[in-house]
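To start, the structure under review is shown below, and the notes come after it.
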Amino acid sequence: MAVFQYKAVAADGRMAHGRIDALNVIDLEMRLKRMELDLVTGVPIASHGLFGGRKVPRRELITFCFHLEQLSRAGVPIIEGLTDLRDSIEHPRFREVIAGTIESIEGGQTLSEAMAQHPGVFDKVFVSLVRAGESTGRLPEVLKNIIDSLKWEDELASHTKKVIMYPAFVGSIVMAATFFLMIYMVPQLKQFVKNMGQELPPQTKALFFVSDLLVAYWYIVLLLPIIGGAIGFLVLRTNPAARLRFDGFKLRLPVIGDITRKIILSRFANTFALLYSSGIPILDSIRTTQSVVGNRVIEEGLVRVEQLIGEGQNVTSAFHTVGLFPPLVIRMLKVGEGTGALDDALTNVSYFYNRDVKESVEKVQAMIEPMLTVLLGAMLGWIMLSVLGPVYDVISKIKT
């Protein structure tokens, strides 16, 4: 099924533009007719570029699930509910996805089957949960659980951004200030210091050498990180072995690696609990979570867990053998498995890691602020000492 860029006319004469999935131009025209639009032009386009298509914000997905849950709980037929939601959605890509979902359901597919055709919006976990809700007749309850999970993921994402964005922002300011001093200020002071006729100390020679390099090759200094980042991105996307080593390196980083591991395992435990409590078997739940952890090392560990459980081990023994969780979490899993409340135990594991992530992020932020301040002070101190040192020596000789 291709993605078409279309231009259409509404009944009131208003022009409408957008993208929608369709088999061909005839199918496109029929789909737009059902949306009360008359096709003007329709051009097939690639659905994804190098970096993927337009993503639907998580907040939009939360709002959609909330309204769908309310409509489903009120007994509104699914097609009517989706049609009302489609007309109220402002995000263009999401509106097109819902329109395609409605078309698929009208063609005889179930809600989960229709959503599975849009993996960029509805991932495997989402589709598996909706399928479980359909088979058990508990779709409103499942949608409510999905809403809670999406809200939790949104909060977890904000914690992750705090770890990354603040150091990146302050580090960029430090680098920009240093670059400005080296390119603009130091060259102006260089000739003045040399005209004093003093023997330049080593730190001053080093400063002038670095400044000359940046003045002469500033474009290389700016382009190297961009080119290196692009090459690294392509290698990680096309080379599984490189991605595995990189993911392992991220987990071994001091401080940051520990927080990354906790975030990944918290996401896994929350998703696993959600799937298991919705009636999905343990092996299917673990298999589904393997694609959402976002780390190849942890993913391979979960594959091993699935194999061990398939060979007859219980959940606690499998996780203990692989070594994904610390002893305290293993003990919580053992109690939950022994009492028949494994989903509650997994929810407690997720809470345990989520609280730990919050505390770790706060500690890292408290450490980063003085570290970056010291770094900036050291850079400025080196520049000032290198430039003012010879000046001070001349003034001292004049006094004597």
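Bear in mind these aren't lab numbers, they're just calculated from the coordinates by the rules spelled out. Just so we're clear, the structure is a prediction, and the values are computed from it rather than from any experiment. A quick note on method: Cβ atoms are made from the backbone with ideal geometry, for glycine too, and the neighbour counts reach across all protein chains shown.
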(message) With +1 on the Cβ of every Lys and Arg and -1 on the Cβ of every Asp and Glu, and nothing else charged, how large is the dipole of segment 219-290 about its Cα centre, in debye rounded to the nearest 20?
(response) 120 debye
(message) Can you give me the angle between helix 327-339 and the longest principal axis of the chain, using Cα atoms only, in degrees from 0 to 90, rounded to the nearest 10?
(response) 10 degrees
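Students often check this: by mean Cβ neighbours within 10 Å, which of 102-111, 372-381, 130-139 ranks highest, and how do the rest follow? Intermediate values should be presented prior to the final figure.
Details: 102-111: 16.0, 372-381: 13.2, 130-139: 17.7.
In descending order of packing, they fall as 130-139, 102-111, 372-381.
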(message) What is the angle, in °, between the Cα long axis of helix 296-310 and the longest principal axis of the Cα atoms in the chain? Nearest 10 is fine, range 0 to 90.
(response) 40 degrees
(request) Could you give the size of the charge dipole of the chain about its Cα centre, using +1 on the Cβ of each K and R and -1 on the Cβ of each D and E, expressed in debye and rounded to the nearest 20? (result) 1560 debye
(message) Please report, in whole Å³, the volume per residue of the convex hull around the C-alpha atoms of segment 257-358.
(response) 86 Å³
(message) Please compute the modelled spin-label separation between Ala176 and Ser135, points set 7 Å along Cα→Cβ, answer in nm with one decimal.
(response) 5.3 nm
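Go through 215-225, 301-311, 176-186 and give me the packing order, highest mean Cβ count within 10 Å leading.
Working: 215-225: 11.4, 301-311: 16.7, 176-186: 15.1.
Answer by packing, highest mean first, reads 301-311, 176-186, 215-225.
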(request) Could you state the angle between the C-alpha long axis of helix 139-180 and the longest principal axis of the C-alpha atoms of the chain, as a value from 0 to 90 degrees rounded to the nearest 10? (result) 10 degrees
(request) Rank by packing, highest mean first: peptides 317-328, 247-258, with packing defined as the count of other Cβ atoms within 10 Å averaged across residues. (result) 317-328, 247-258
(message) Taking 45 Å as R0, compute the FRET efficiency from the Cβ-Cβ separation of Val40 and Ile231 and round it to 0.05.
(response) 0.55
(message) If I take R0 = 25 Å and measure r between the Cβ atoms of Trp382 and Gln188 in this structure, what FRET efficiency does the formula 1/(1 + (r/R0)^6) give, to the nearest 0.05?
(response) 0.90
(request) For segment 58-151, just say rounded, prolate or oblate: build the C-alpha gyration tensor, square-root its eigenvalues into a ≥ b ≥ c, call rounded for a/c under 1.5, and beyond that prolate if a/b exceeds b/c, oblate if not. (result) rounded
(message) Of Gly229, Leu333, Ile280, which is farthest towards the positive pole of the chain's charge dipole, taken about the Cα centre with +1 and -1 on the beta-carbons of Lys, Arg and Asp, Glu respectively?
(response) Gly229
(request) First check a/c for segment 97-137, with a ≥ b ≥ c the square roots of the eigenvalues of its C-alpha gyration tensor; if it is under 1.5, answer rounded, and if not, answer prolate when a/b is larger than b/c or oblate otherwise. (result) oblate
(message) For a quick check, take a GNM of the chain with Cα springs below 10 Å and name the residue from Val210, Val315, Val170 with the largest mean-square fluctuation.
(response) Val210
(message) Taking 2.2 N^0.38 Å as the expected size of a compact globular protein, what ratio does the Cα radius of gyration of the chain give against it, to two decimals?
(response) 1.35
(message) What's the magnitude of the charge dipole for segment 257-358 around its Cα centre, counting Lys and Arg as +1 and Asp and Glu as -1 at the beta-carbon? Answer in Debye, nearest 20.
(response) 340 debye
(request) Considering Cα pairs under 8 angstrom that are at least six residues apart, work out the relative contact order of the chain and quote it in whole percent. (result) 14 percent
